[in-house]
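The values are calculated or read from the model by the stated rules, or taken from the named source; none is laboratory data. Since we're looking at a predicted model, the values are computed, not measured. Here the Cβ positions follow ideal geometry from the backbone for every residue, glycine too, while neighbour counts run over all protein chains shown.
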Amino acid sequence: MYDLIIMGGGPAGSAAGVYAARKKIHTLLITESFGGQSEVSADIQNWIGTKSISGYDLARSLEEHVRAQEDLVVATSQKVTNVSEGSDKIFMVSTDASVTYRARALIVTTGARRKKLGIPGEEEFNGRGVAYCATCDAPLFKGKAVAVVGGGNAGLESATDLLPYAKKITLLEFGSSLKGDPVTQEKVRRGGVDIILNAESKRVVGDKEGKFVAGLEYHDWKTNETKKLDVGGVFVEIGSVPNSDMVKDLVALNQAREIIIDHKTTATSREGIWAAGDVTDEMFKQNNISAGDGVKAALAAYAYLQNMEKPK
């Protein structure tokens with residue numbers, strides 16, 4: 001039995017864990033691993049206070065900070081599979097390790113997972129030219145030709161993030177028209193981005209040594225031909241899926257299955273549950289914002305627990 005359970009070990013969960021421990025809340029943090037989606041980033045240059053850090057090192061730094069907290073219990077290599085609430089206002093959190101934990105309050109920081117193309121070479125070159133966050137990784141592609149896959153707002157915004165760095169940007173959209181906001185479309189076009197419509201990505205091609213991305217093959221539905229772009233990077237921007245399934249029956253979700261929160265306090269629609277990070281409807285999916293919202297959640301949970309009568 002815990003006062004608080006935090007689900008997730010990315011920037012949001014780690015920040016919540018540190019602050020919960022500082023408030024002496026009897027807390028359990030459950031996570032499969034630390035670091036979140038950025039763990040695969042080769043070089044993160046926008047983590048405030050650190051000029052440059054790899055995703056791997058950021059994950060280790062978060063874990064080290066969390067484990068240094070004396071009043072925090074950490075359960076790793078466990079995935080939360082279900083969350084329910086009893087009649088006594090106690091939450092039950094079950095994991096794939098066949099363990100069920102109990103708590104008076106919850107903070108959900110389970111993040112999101114990037115939608116992937118599912119084509120040959122994508123996994124092989126993940127972190128070696130294949131990327132999923134232009135805001136994080138654009139500086140690594142300075143002077144290179146790159147491809148952005150996805151013609152929605154995410155793809156268009158990635159293209160604009162790459163404009164100051166890449167020497168050439170080609171944006172591929174599966175459909176017959178771009179899906180993003182007209183204003184952003186115009187900005188991309190003014191920036192000189194090449195746009196290819198009716199293009200289905202087929203294969204990420206590596207260099208002769210097989211170490212880094214050297215091209216992207218795609219099928220042109222207009223000509224019914226398979227073509228190749230010579231690029232040093234492929235940014236996959238076809239959306240993400242929030243990891244919210246375990247609480248879908250407890251809290252309100254939007255159409256994108258993100259947890260709807262009060263952005264002042266990170267409170268969800270269910271009393272006793274807060275959420276932070278990419279699993280929520282926060283507009284900007286950034287590590288620094290996730291960490292800040294994790295702090296908010298921990299402080300809000302502390303105030304709630306102070307006023308809640310403990311079960312006998």
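Do we find a residue being of a type in the set (S, T, N, Q), crowded, with 24+ Cβ neighbours inside 10 Å and out of contact with any Ser or Thr (no Cβ under 7 Å at 6 or more places or on another chain) anywhere in the range 273-287? Yes, the conditions are met somewhere in the range 273-287. Looking at the range 172-184, can you tell me whether even one residue there is assigned to a strand (DSSP E or B) and touching a residue at least 12 places away in the same chain (Cβ under 8 Å)? Looking through the range 172-184, at least one residue is assigned to a strand (DSSP E or B) and touching a residue at least 12 places away in the same chain (Cβ under 8 Å).
Looking at ILE119, ILE195, just one residue is farther than 25 Å from SER54 by Cβ and out of contact with any Leu (no Cβ under 7 Å at 6 or more places or on another chain), and that residue is ILE119.
Taking (1) within 30 Å of LYS228 (Cα to Cα); (2) in contact (Cβ under 8 Å) with a residue 60 or more places away in the chain; (3) in a loop (DSSP other than H, G, I, E, B) in turn, LYS89 satisfies each apart from (1).
Going through (1) surrounded by fewer than 14 Cβ atoms within 10 Å (Cβ to Cβ); (2) under 24 Å from the mean Cα position of the chain (by Cα); (3) under 16 Å from GLU173 (Cβ atoms) one by one, VAL234 falls short only on (1).
So that you can scan it fast, the table gives a plain yes or no per residue for (1) modelled with pLDDT of 95 or more; (2) part of a strand (DSSP E or B); (3) within 27 Å of GLU237 (Cα to Cα):
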{"site": "ARG102", "(1), (2), (3)": "yes, yes, no"}
{"site": "LYS116", "(1), (2), (3)": "no, no, yes"}
{"site": "VAL148", "(1), (2), (3)": "yes, yes, yes"}
{"site": "GLU186", "(1), (2), (3)": "no, no, yes"}
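Scanning the range 67-121 for residues that are on the phi > 0 side of the Ramachandran plot and not hydroxyl-bearing (Ser, Thr, Tyr) turns up LYS89, GLY111, GLY118, GLY121. Residues that are touching a residue at least 60 places away in the same chain (Cβ under 8 Å) and surrounded by fewer than 18 Cβ atoms within 10 Å (Cβ to Cβ) were ranked within the range 239-248; the one that is farthest from GLU173 (Cα to Cα) is VAL241. Scanning the range 34-88 for residues that are surrounded by 13 or more Cβ atoms within 10 Å (Cβ to Cβ), within 20 Å of VAL99 (Cα to Cα) and polar (S, T, N, Q) yields THR76, GLN78, THR81, ASN82, SER84. For the range 128-181, residues that are closer than 29 Å to GLU209 by Cβ, surrounded by fewer than 21 Cβ atoms within 10 Å (Cβ to Cβ) and hydrophobic (A, V, I, L, M, F, W, C) total 2. Could you go through the range 250-260 and let me know if any residue there is touching a residue at least 40 places away in the same chain (Cβ under 8 Å), under 30 Å from ILE48 (Cα atoms) and not acidic (Asp, Glu). Scanning the range 250-260, I find at least one residue that is touching a residue at least 40 places away in the same chain (Cβ under 8 Å), under 30 Å from ILE48 (Cα atoms) and not acidic (Asp, Glu), so the answer is yes. Checked against (1) part of a loop (DSSP other than H, G, I, E, B); (2) in contact with a strand residue (DSSP E or B) (Cβ under 7 Å, 6 or more places away or on another chain); (3) surrounded by fewer than 17 Cβ atoms within 10 Å (Cβ to Cβ), LYS228 passes all but condition (1).
Look through the range 209-267, keep the residues that are touching a helix residue (DSSP H, G or I) at 6+ places or on another chain (Cβ under 6 Å) and hydroxyl-bearing (Ser, Thr, Tyr), and return whichever of them is nearest to ALA131 (Cα to Cα). Looking at the filtered set, the residue picked out is THR266. Reported count of residues in the range 14-68, each being closer than 21 Å to ALA131 by Cα, outside any loop (DSSP other than H, G, I, E, B) and of a type in the set (D, E, K, R), is 3.
Every condition in (1) surrounded by 20 or more Cβ atoms within 10 Å (Cβ to Cβ); (2) in a loop (DSSP other than H, G, I, E, B); (3) within 12 Å of the chain's Cα centre (by Cα) is met by SER290 except one, and the failing one is (2). Can you find a residue in the range 10-19 that is surrounded by 24 or more Cβ atoms within 10 Å (Cβ to Cβ), among the polar types (S, T, N, Q) and in contact with a strand residue (DSSP E or B) (Cβ under 6 Å, 6 or more places away or on another chain)? For the range 10-19, residues surrounded by 24 or more Cβ atoms within 10 Å (Cβ to Cβ), among the polar types (S, T, N, Q) and in contact with a strand residue (DSSP E or B) (Cβ under 6 Å, 6 or more places away or on another chain): absent.
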